[in-house]
Amino acid sequence: MKRLIKVGLTGGIATGKSTTLERWQAAGAAGIDADELAHEALEPETPTWQDVVKTFGEGILNQDRTVNRRKLGEIVFADEGKRAVLNWIIHPAVGRMWTERVEKLEREGKAEVVVASIPLLYEVAVEKQFDCVVVVGCSERTQIMRLAGKGLSEAQARARIGAQWPLQTKMDRADFVIWNDGRFEVLSEQARMIWANIEGELSCRE
């Protein structure tokens, strides 16, 4: 049985990580999205949800008791200390979840490649758990434009960008870089070439 190839996918906010993950899932990879796992970890009455509500108050909840992520974001992106506390609560839970899913894929032996999209991969120092790391980047101007399309002001967008490591630092550490500042076709072609490299080279490592 072939060894499961583990690819870490990261980058800045609004750079195109989700699009890249979808592209590789279509090519046959198993995909894990840490953002989706964070949503699961914050489902009402879970231990993580309870810790977050206890820390930040019930004012962050919608009427159905789900976390209003925009309200929570307004709190934590305005205060570095509060953001650190939120990360301290959520990251261990999400880390356990994606680790368990990778281990399940290894046991089942049905996938040859798993791609884990983890926005703060370098910030939480898990890069050594992967065979290679791919960083998706774009210009800050493009990030701000994309976030504006999601309803964020320029100040809110810059706060979220500033909460992560500089993109250049991440790109300098990466095994592969995708620059996504233009058309989808350009992103898709870069993803295709890197995918071919991953399949051709990493599958030979024993």
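Of all the residues that make up region 16-46, how many are closer than 29 Å to Leu61 by Cβ and surrounded by fewer than 16 Cβ atoms within 10 Å (Cβ to Cβ)? Give the derivation first.
Step one: filter region 16-46 for residues closer than 29 Å to Leu61 by Cβ, giving 17-18, 32-46.
Next cut, surrounded by fewer than 16 Cβ atoms within 10 Å (Cβ to Cβ) only: 35-36, 39-40, 43-46.
Qualifying residue count for the region: 8.
Which residue is farthest from the chain's Cα centre (by Cα), if the candidates are limited to region 147-165 and must be assigned to a loop (DSSP other than H, G, I, E, B) and closer than 23 Å to Arg70 by Cβ? Please lay out each step first, then the result.
Of the residues in region 147-165, the ones assigned to a loop (DSSP other than H, G, I, E, B) are 149-153, 163-165.
Checking the rest, the ones that are also closer than 23 Å to Arg70 by Cβ come to 149-153, 163-164.
Numbers: Gly149: 19, Lys150: 17, Gly151: 20, Leu152: 19, Ser153: 22, Ala163: 14, Gln164: 11 Å.
Within region 147-165, the match that is farthest from the chain's Cα centre (by Cα) is Ser153.
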* Structure fact -> The lone condition Gly182 fails out of (1) closer than 26 Å to His39 by Cα; (2) exposed (fewer than 13 other Cβ atoms within 10 Å of the Cβ) is (1)
* To do: With a cut-off of at least 2 residues that are in contact with an Asp or Glu (Cβ under 8 Å, 6 or more places away or on another chain), name the helices (runs of 4 or more DSSP H) lying wholly within region 2-56.
  => 17-26
* To do: Would you check which residues across region 51-61 are surrounded by 12 or more Cβ atoms within 10 Å (Cβ to Cβ) and either farther than 10 Å from Ile89 by Cβ or β-branched (Val, Ile, Thr) (or both) and list them?
  => Val52, Val53, Thr55, Ile60, Leu61
* Taking the stated definitions as given, is Val126 under 14 Å from the mean Cα position of the chain (by Cα), within 30 Å of Gly200 (Cβ to Cβ), surrounded by 15 or more Cβ atoms within 10 Å (Cβ to Cβ) and touching a residue at least 60 places away in the same chain (Cβ under 8 Å)? -> yes
* **Number of positions in region 62-79 that are over 15 Å from Leu42 (Cβ atoms), surrounded by fewer than 13 Cβ atoms within 10 Å (Cβ to Cβ) and either in contact (Cβ under 8 Å) with a residue 60 or more places away in the chain or of a type in the set (Lys, Arg) (or both)** => 1
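Being in contact (Cβ under 8 Å) with a residue 60 or more places away in the chain, of a type outside the set (Val, Ile, Thr) and surrounded by fewer than 16 Cβ atoms within 10 Å (Cβ to Cβ) narrows it down to one of Glu112, Glu106, Glu100, so name that one.
Values: Glu112 fails: surrounded by fewer than 16 Cβ atoms within 10 Å (Cβ to Cβ); Glu100 fails: in contact (Cβ under 8 Å) with a residue 60 or more places away in the chain.
Result: Glu106 is the single residue among Glu112, Glu106, Glu100 that is in contact (Cβ under 8 Å) with a residue 60 or more places away in the chain, of a type outside the set (Val, Ile, Thr) and surrounded by fewer than 16 Cβ atoms within 10 Å (Cβ to Cβ).
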* Unique residue being within 17 Å of Leu4 (Cβ to Cβ), within 17 Å of the chain's Cα centre (by Cα) and either at pLDDT 95 or above or part of a strand (DSSP E or B) (or both) when the list is Val135, Val115, Val94 -> Val115
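Yes or no, residue by residue, for (1) more than 16 Å from the chain's Cα centre (by Cα); (2) closer than 20 Å to Lys128 by Cβ; (3) not acidic (Asp, Glu):
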site: Thr15; (1), (2), (3): no, no, yes
site: Ser18; (1), (2), (3): no, no, yes
site: Leu21; (1), (2), (3): no, no, yes
site: Gly31; (1), (2), (3): no, no, yes
site: Glu36; (1), (2), (3): no, no, no
site: Glu43; (1), (2), (3): yes, no, no
site: Thr46; (1), (2), (3): yes, no, yes
* Is it the case that region 138-146 has a residue that's within 17 Å of the chain's Cα centre (by Cα), in a loop (DSSP other than H, G, I, E, B) and under 22 Å from Arg23 (Cβ atoms)? -> yes
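The values are calculated or read from the model by the stated rules, or taken from the named source; none is laboratory data. These numbers were taken from a predicted model, which means no experiment stands behind them. Don't worry about glycine lacking a Cβ; one is built from the backbone with ideal geometry, like all the others, and counts go over all protein chains shown.
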